[in-house]
Every structure is written in C-alpha cells, then in structure tokens.
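Working notes for the structure below.
The values are calculated or read from the model by the stated rules, or taken from the named source; none is laboratory data. Just so we're clear, the structure is a prediction, and the values are computed from it rather than from any experiment. No Cβ is skipped: glycine too gets one built from the backbone with ideal geometry, and neighbour counts run over all protein chains shown.
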C-alpha cells in the first residue's frame, strides 16, 4: 500500500503519542488532546485521558483562554485593512472617554500600552463578568502600571479595549462580529463563546494529592475578547493553517506576516531571552526554530498553539486542568518532532519564467565599503542581498513599479534599494537607504560618501 504524501510515518506518530502521554501523566491532567498540522492539513490527532472508557476527539471543546486574543487581533487588522482605522491611531479617536485614550491601537495589540496586567479585584477569571459591566470597571481607577509605549507588559484589559474598539467601529457585539467575519468563513463551527456539547469540564488538581475539584466556568462579560472562547483541536488546527497561510476572505498573507513580526520584546524570563510579541501573537525562538502562536489559561483549562511557518508545521495542545502540563511547550515539541523526523521536501528548483536584462545587470558581487555582498535574483521575482563573508546585514526585496526595490525583512525592512545609473545608462552603484554599494571596494568612479583617498590603496612603508 502506498503511503499518502500527508500521512506521517508510524515512528513519528508513536513519538508524538509518547510526548503527549508523558505530558498528561507528569502534568496530572484529567485529559489532554493534541493535533498536528502540516501543509495546511491536520495529519495527526492524539489524546490521553484518566477515563478508561473513552478519550476526547478533535470535536470536544476545551476553553482556550488567551488564544482568544489572537482572534480579536485578526478582527482589528481587518478593520485596518478596510481603511476604517490606522494602527497608529490613539484609542480615543474611536473609543472615547476611557481615560487611557492616548494609547495607540498598535500598542494595545502588542501589550506596550502600559496597562495593568489584570482588572481590579476580585479575580476576573473566577467571578461573573456582570461585576465589570463597563470599561471603567475593567480598567479601575489606576489603569496604568508603566509609561505608555515604554515597555512590554502583558495586559488582559488591553484586549477588552480592543474588543470595545471592534464593537464601536462595526456597530455590533464582539462575538457577533467574530462569528460573522472569522469563524464562519474559516469553518470554525465548534468555536463558540459558551460551551457546546461535547465539551470537557474544567478541573483543579490538588498539588499534593491525586484528587480533583471542579472549577467554575464564568462568562467573562466585557473581558470576553481577552479569553472567553471555547474551541477544539480540529478548529484550532484550521485556525493555525490560516495564521500561517492567510485567507483573503478573512485576512491576507501580508497582514498575517505583520502580525507575526515582533512589535515588542517580551518580559524578561517570561519565555526566555529569545521571546517577543507581535500583534496578537507570541513569538518564541527555541532550538534554532522560530515559533508563533499563543498560550492560554483559565481556571480548569490550559491551551497552547505553536506554528513554525518555515517548517510548515503547527501543533495544538489542550488540557482541562488549572495548572499542570506546559501546553505551549508541548505544542512546540510536537512541531519539532515532525519537523526533524520528516523535514519538508522542498519544491523542485525552477528557472524564471521571464528573464529581465535590467535585473541580470544588478546581480553579482557588490561592496559596502570593504565588505563583499552578493545580490541574487531568485525565480520569485525578488532580490536577495547577503554578506559573502563574516556577519552582515541581509534582506529580501520586492520590486516596485518604478524600478526600485523595497526591503521585506531584517535591518532593511521598508528601506528603498535603487540602482543609480551613469549618463551612458550603465549602473554606477546601488543606493540602499543612503548606503552606497559599489562593484569594487570604495570604487573611485562612484560617489562614495566621504570620497576616496587620491593615493588609493597602500601598503606599509
């Protein structure tokens, strides 16, 4: 029998099962369920449970906590893409009279607005949302812990403000907008604001005894955009594929790339020195691999969603206990297991469909001062600049209609690359954000800033 291209090897499946079995046992979780996505398709599902007669499948709901924030961020980016707001807008422009209206939308998305991490007491995750009916009840009399825009400080109330922003601009409740604009188009029919059977119950496991106690499942009210949703591994696997690839019915690939781009450093010690935060997405560098996604927790539940865009692998892990397995770490391990055991087979190399002589004129070796760089033209129509020796700044560039090129990543992201020509039409040099790249180091025939010494290159007398 021929194995499907998407099907995982039996050894890989067993390794995945072993990882979640250890996580469920060591984390003392009543149940733990997981899924792996590759190439936009769910290729593995596994579950472990303390019950002998059944195990949860990909349609059983768990509460996903702060993974809800990523859904809210998608709604905000949709508003931006429609031209209804700008991420640099102060909140006050769209949601007046909050008392913190100078915070920008981008700062709220990246948790750099200086807002407190939590609402005023009592603990909002274990009390009814009806105790906090207004934004003022969520923010309290002293909403700021830090100067606005100065540092990353994770804030649950910040995402309540973003939910209020969505409601104000759309003129409809957050949950209605979410269902209409994200859940239904992506086919996430088992993602809801209240639990729909079959769903897991949330449990607190005694820290020093193998005993359990049910946790309350409160409706979070105003705090819903920060952590209300219930979902399944099946739905979150589809959501992970969307976050990696985009879907023009909801949000395009460029906007999702923007969400995955670091917008703020993480708190020291939160996820290690390689962690940061984008726009509604956590970014973690682990074992040489860049992962995006989000963790989530509410009393009785833990959740983790991790995506390696480069490996084209994602994983979801859900558990029904207040503390126990580190679900994001387990999800990251599932990604690593598949990526290392069955690395993606690259597409065949193919030449350009059309060769542009003007592009061929630019490729090859260039010098920034004395450092050699290579400029290449892959078949996708862009340019790639990189150092030929040692450490240096590299970037990919996309073509513009006027013959210039715009940087897509790294130090030169957003910067303009242009070729400067002599009177006879030949290329004199490249100008990249005022840096002059020449065919020879400090080419005397190019306008190198500061000039070239008239005696040229010299030895030691």
* Which is at pLDDT 95 or above, surrounded by fewer than 22 Cβ atoms within 10 Å (Cβ to Cβ) and under 23 Å from residue 187 (Cα atoms), of 252, 280, 304? -> 252
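Within region 42-65, is even one residue part of a loop (DSSP other than H, G, I, E, B), over 29 Å from residue 196 (Cβ atoms) and in contact (Cβ under 8 Å) with a residue 12 or more places away in the chain?
So far as region 42-65 goes, no, none of its residues is part of a loop (DSSP other than H, G, I, E, B), over 29 Å from residue 196 (Cβ atoms) and in contact (Cβ under 8 Å) with a residue 12 or more places away in the chain.
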* Name the residues in region 89-106 that are under 21 Å from the mean Cα position of the chain (by Cα) and either part of a loop (DSSP other than H, G, I, E, B) or within 25 Å of residue 245 (Cα to Cα) (or both), would you? -> 105, 106
* Report, by residue number, each residue of region 135-183 that is part of a loop (DSSP other than H, G, I, E, B) and touching a strand residue (DSSP E or B) at 6+ places or on another chain (Cβ under 6 Å). => 143, 152, 155
* Would you check if there is a residue in region 239-251 being out of contact with any helix residue (DSSP H, G or I) (no Cβ under 7 Å at 6 or more places or on another chain), assigned to a loop (DSSP other than H, G, I, E, B) and over 21 Å from residue 152 (Cβ atoms)? => yes
* **Filtered residue count, region 402-411, keeping only those that are within 17 Å of residue 377 (Cα to Cα) and without any contact (Cβ under 8 Å) to a residue 40 or more places away in the chain** => 6
* Structure fact -> From the option list 16, 8, 77, single residue qualifying as in a loop (DSSP other than H, G, I, E, B) and in contact (Cβ under 8 Å) with a residue 40 or more places away in the chain is 8
* Output the number of the condition that residue 279 fails; it satisfies all remaining conditions of (1) over 30 Å from residue 207 (Cβ atoms); (2) assigned to a strand (DSSP E or B); (3) within 13 Å of the chain's Cα centre (by Cα). => (2)
* To do: Using the structure shown, decide if residue 390 is at positive phi and either touching a residue at least 12 places away in the same chain (Cβ under 8 Å) or surrounded by 12 or more Cβ atoms within 10 Å (Cβ to Cβ) (or both).
  => yes
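Can residue 75 be described as surrounded by 21 or more Cβ atoms within 10 Å (Cβ to Cβ) and within 16 Å of residue 161 (Cβ to Cβ)?
Criteria met by residue 75.
Within region 187-195, identify whether any single residue is free of Cβ contacts under 8 Å to residues at least 12 places away in the same chain, assigned by TED's automatic domain parsing to the domain that holds residue 31 and touching a strand residue (DSSP E or B) at 6+ places or on another chain (Cβ under 6 Å), and answer yes or no.
The first filter runs over region 187-195 and keeps only residues free of Cβ contacts under 8 Å to residues at least 12 places away in the same chain, leaving none.
Checked against the condition, which is being free of Cβ contacts under 8 Å to residues at least 12 places away in the same chain, assigned by TED's automatic domain parsing to the domain that holds residue 31 and touching a strand residue (DSSP E or B) at 6+ places or on another chain (Cβ under 6 Å), region 187-195 yields no hits at all.
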* Asked: If residue 86 passes every condition in (1) under 29 Å from residue 246 (Cα atoms); (2) crowded, with 17+ Cβ neighbours inside 10 Å; (3) assigned by TED's automatic domain parsing to the domain that holds residue 303 but one, which one does it miss?
  -> (2)
* Check region 317-331 and report whether any residue there is modelled with pLDDT of 95 or more and under 13 Å from the mean Cα position of the chain (by Cα). => no
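Kindly provide the set of residues from region 184-232 that are assigned to a helix (DSSP H, G or I) and crowded, with 22+ Cβ neighbours inside 10 Å, ordered by number. Let's see the steps before the verdict.
Start the filter on region 184-232 by keeping residues that are assigned to a helix (DSSP H, G or I), which leaves 184-186, 221-227.
Within region 184-232, 222, 223, 225, 226, 227 meet the criteria.
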* Asked: Just checking, how many residues over region 332-358 are farther than 16 Å from residue 39 by Cβ, crowded, with 18+ Cβ neighbours inside 10 Å and either out of contact with any helix residue (DSSP H, G or I) (no Cβ under 6 Å at 6 or more places or on another chain) or modelled with pLDDT under 95 (or both)?
  -> 2
